[in-house]
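Structure incoming, see below.
Any read-out appearing in this document is the output of simple, stated calculations on the displayed coordinates, not a laboratory observation. Source: prediction; values computed, not measured. All Cβ positions, glycine included, derive from the backbone under ideal geometry; neighbour counts span all protein chains shown.
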């Protein structure tokens, strides 16, 4: 299973309305959107064979209370992935698509073996 598939499956346990990279044209709320930036780790161990993945998850909702619940569930879901290294940043974000929608972003790091 690829890292994209692992993250998608994990986030589906948080919210069925989960999307990779961008929202659909007519989104519904709440929603999760994730992006993954993968970097090969060379020289970390003899022979290498590992990748580090920065996972950015945006939680979008019309309710701050709903974001509070979803952000905790998101952390728990990603932390359960094999190779979870930690959460690196979390905080409020801007969403310009709809003035009534709040956004929260979380960055995580996961290491996988190729």
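Need a quick list: strands (runs of 3 or more DSSP E) entirely within segment 1-81 having at least 2 residues that are within 13 Å of residue 104 (Cβ to Cβ), touching a helix residue (DSSP H, G or I) at 6+ places or on another chain (Cβ under 7 Å) and touching a residue at least 40 places away in the same chain (Cβ under 8 Å).
It comes to 50-61.
With in a loop (DSSP other than H, G, I, E, B) and either surrounded by fewer than 14 Cβ atoms within 10 Å (Cβ to Cβ) or at positive phi (or both) as the only criterion, which of 86, 97 stands out?
On inspection, the qualifying residue turns out to be 97.
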